[in-house]
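See structure below.
The values are calculated or read from the model by the stated rules, or taken from the named source; none is laboratory data. In this text, all values refer to a predicted model and were calculated from it rather than measured experimentally. A quick note on method: Cβ atoms are made from the backbone with ideal geometry, for glycine too, and the neighbour counts reach across all protein chains shown.
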Amino acid sequence: MLPGPTNVPNRVMRAMLAPIINHRSDDFVELYTDVVDKTQQVFETKNDIVALSASGTGAVEAGVVNLVKKGDKIIIPVNGEFSRRLSQLIEGQGGNVVKLETPPGENSTFDQVKEAFDNNKDVKAFYVVHNETSTGTMVNYLDKVSDLTSRNDAFYVVDSVSLLGGAPLPVDKWNIDVCMTGAQKAIAAPPGISPISVSAKAKKYMIENPPSTIYFNLARYFKFYDGEKHTPFTPALPLLYAYREALSIMLEEGLQNVFKRHKVCSDALYTGLSAMGLTPFVKKEEDRSISIVALNYLDGLEDKTFRSTLADKFKVLVAGGFGDLKGKVFRVGCMGEVSPYHVMRTISAISSTLAMMGYDVDAKAGLKTAEEKLKAL
Ligand SMILES: Cc1ncc(COP(=O)(O)O)c(C=O)c1O
């Protein structure tokens, strides 16, 4: 129950036993074109796809170095570790960052974003972290942002590393120019493949203005794919096999069913754990993440003992807080394979751990409330 990497189904693990093939062969073309096709289905896009052999940070870095040049004005909401890191990356490229800062656990509102666009007509791009993994917030107005980016002729870039696949993010419908994710979160593949989608407009810009890097220069990937359907560098083949299998599993279940399962499971976790007396870190319900359930620690509850008891006695892994939130919150991942089994087992393990640590919690209320919510599946 970590916020990534998440559990990987056996079928996906077994896919990695396929022979290592020549990445300049027809076999590779068959594998990689299938990866691209299935990624397009999950991203709900016809845009170009690059499946980078890298962790999510690689995809995020590629999404920055290929678009941001010295002096470019970039608007970005910042409310946690990953959005801060993204804004630093942009600044490192020489970008002139207009930060919309809010405290951890709160999102900038759409009106604040609109105001930033109104005040910065010369903005080159809007960058946003869809789901702030460090605090458990999720931005729920991404569908409306393209009204602003298209009005100001700006690029629209989304880091959805910890959510894509777990909630709707129809890239074409929402006119997202560049969208990045990682395989090890809601897609439930091993870490190491990080796909990016790139619109025709962004692709043209990247080809005409390539960055000085080699590995993350996306123009190279377009050239190789448009030509021989290859990648410019040796890809992590076993991980590509696994990633393809994980995508197949999602498509077999049906994207809408996958989204619903994630939503119902996180609703059940929030309500079940709340019924036991825990409180969600994110106060406003509409800002709460579907894939990361962040909860405040009860008074005096010691982080390390709680998480190690949960892990050692009940084999349930959850994550602690980040930075200033260390020791104050814990985060339950709700993505990938997550099912009613995981939800009920987690609530039960948390209630037992709390009881072992001397806290009087109403386990029955937690389980019953969660069970009610799970009936929606
Ligand atoms: C929103 C977000 N962006 C970027 C990353 C970086 O991904 P990775 O750790 O795979 O490099 C993460 C990782 O959790 C994330 O949650």
- request: Kindly indicate whether any position in the stretch 335-350 is assigned to a loop (DSSP other than H, G, I, E, B) and more than 23 Å from the chain's Cα centre (by Cα).
  value: no
statement: Every listed condition ((1) touching a residue at least 24 places away in the same chain (Cβ under 8 Å); (2) away from the ligand (no atom under 16 Å from the Cβ)) holds for Glu115 save (1)
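Please state which one of Ser291, Ser248 is of a type in the set (S, T, N, Q), more than 21 Å from Lys368 (Cα to Cα) and touching a Gly at 6+ places or on another chain (Cβ under 6 Å). Outline the logic, then answer.
Numbers: Ser248 fails: touching a Gly at 6+ places or on another chain (Cβ under 6 Å).
When all the criteria are applied, what remains is Ser291.
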field: Flag if Pro190 is surrounded by 15 or more Cβ atoms within 10 Å (Cβ to Cβ), without any contact (Cβ under 8 Å) to a residue 40 or more places away in the chain and in the same structural domain as Val65 (by TED's automatic domain parsing)
entry: no
query: Quick check: anything in the stretch 160-173 away from the ligand (no atom under 16 Å from the Cβ) and within 21 Å of Val123 (Cβ to Cβ)?
result: yes
- prompt: Could you list, in sequence order, the residues of the stretch 118-142 that are away from the ligand (no atom under 11 Å from the Cβ), of a type outside the set (Asp, Glu) and not in a loop (DSSP other than H, G, I, E, B)?
  reply: Asn119, Ala125, Phe126, Tyr127, Leu142
task: Might you let me know whether the stretch 323-346 holds any residue that is out of contact with any Ser or Thr (no Cβ under 8 Å at 6 or more places or on another chain) and of a type in the set (Asp, Glu)?
output: yes
- prompt: Of the residues Asp324, Asp299, Asp360, which is of a type in the set (Asp, Glu) and assigned to a helix (DSSP H, G or I)?
  reply: Asp324
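Yes/no matrix, rows are residues, columns are (1) closer than 26 Å to Lys203 by Cβ; (2) small (Gly, Ala, Ser); (3) surrounded by 18 or more Cβ atoms within 10 Å (Cβ to Cβ); (4) touching a helix residue (DSSP H, G or I) at 6+ places or on another chain (Cβ under 6 Å):
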| position | (1), (2), (3), (4) |
| --- | --- |
| Asn96 | yes, no, no, no |
| Leu100 | no, no, yes, yes |
| Pro104 | no, no, yes, no |
| Phe117 | yes, no, yes, yes |
| Val128 | yes, no, yes, no |
| Thr137 | no, no, yes, yes |
| Leu142 | yes, no, yes, no |
| Ser146 | yes, yes, no, no |
| Ala154 | yes, yes, yes, no |
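Can we say Leu273 is part of a helix (DSSP H, G or I), more than 19 Å from Pro5 (Cβ to Cβ) and aliphatic (A, V, I, L, M)?
Taking the combined requirement at face value, the residue satisfies it.
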statement: Of the residues in the stretch 27-56, those that are within 16 Å of the ligand (Cβ to nearest atom) and over 16 Å from Ala189 (Cα atoms) come to Val50
- line: Scanning the stretch 274-313 residue by residue, those small (Gly, Ala, Ser) and more than 15 Å from Ser134 (Cβ to Cβ) turn out to be Ser274, Ala275, Gly277, Gly300, Ser308, Ala311
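Only one of these is surrounded by 20 or more Cβ atoms within 10 Å (Cβ to Cβ) and not assigned by TED's automatic domain parsing to the domain that holds Pro168: Met357, Met344, Met276. Name it.
One residue alone meets the criteria, Met276.
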task: Considering each of Ala246, Ala242, Ala294, Ala268 in turn, give the residue that is in a strand (DSSP E or B), touching a residue at least 40 places away in the same chain (Cβ under 8 Å) and within 24 Å of Tyr341 (Cβ to Cβ).
output: Ala294
All positions within the stretch 177-208 that are more than 15 Å from the ligand (Cβ to nearest atom) and part of a loop (DSSP other than H, G, I, E, B): Asp177, Ser199
- request: Determine which member of the set Val78, Val98 is within 16 Å of the ligand (Cβ to nearest atom), free of Cβ contacts under 8 Å to residues at least 40 places away in the same chain and within 23 Å of Asn119 (Cβ to Cβ).
  value: Val78
- prompt: Got at least one residue in the stretch 85-95 being farther than 26 Å from Ile214 by Cβ, at pLDDT 95 or above and either away from the ligand (no atom under 16 Å from the Cβ) or not assigned by TED's automatic domain parsing to the domain that holds Lys283 (or both)?
  reply: no
- request: Quickly run through the stretch 48-64 and pick out the residues that are more than 11 Å from Leu239 (Cα to Cα) and part of a loop (DSSP other than H, G, I, E, B).
  value: Ser55
Inter-residue pairs, beta-carbon under 7 Å, first not assigned by TED's automatic domain parsing to the domain that holds Asp324 and in the stretch 119-141, second among the polar types (S, T, N, Q) and away from the ligand (no atom under 11 Å from the Cβ), 6+ apart: Lys121/Asn152; Val123/Asn152; Phe126/Thr149; Glu132/Asn79; Thr135/Asn79; Thr137/Asn79; Thr137/Asn107; Val139/Asn107
- prompt: Hey, Ile74 hits all of (1) assigned to a helix (DSSP H, G or I); (2) over 16 Å from Ala183 (Cα atoms) but one; which does it fall short on?
  reply: (1)
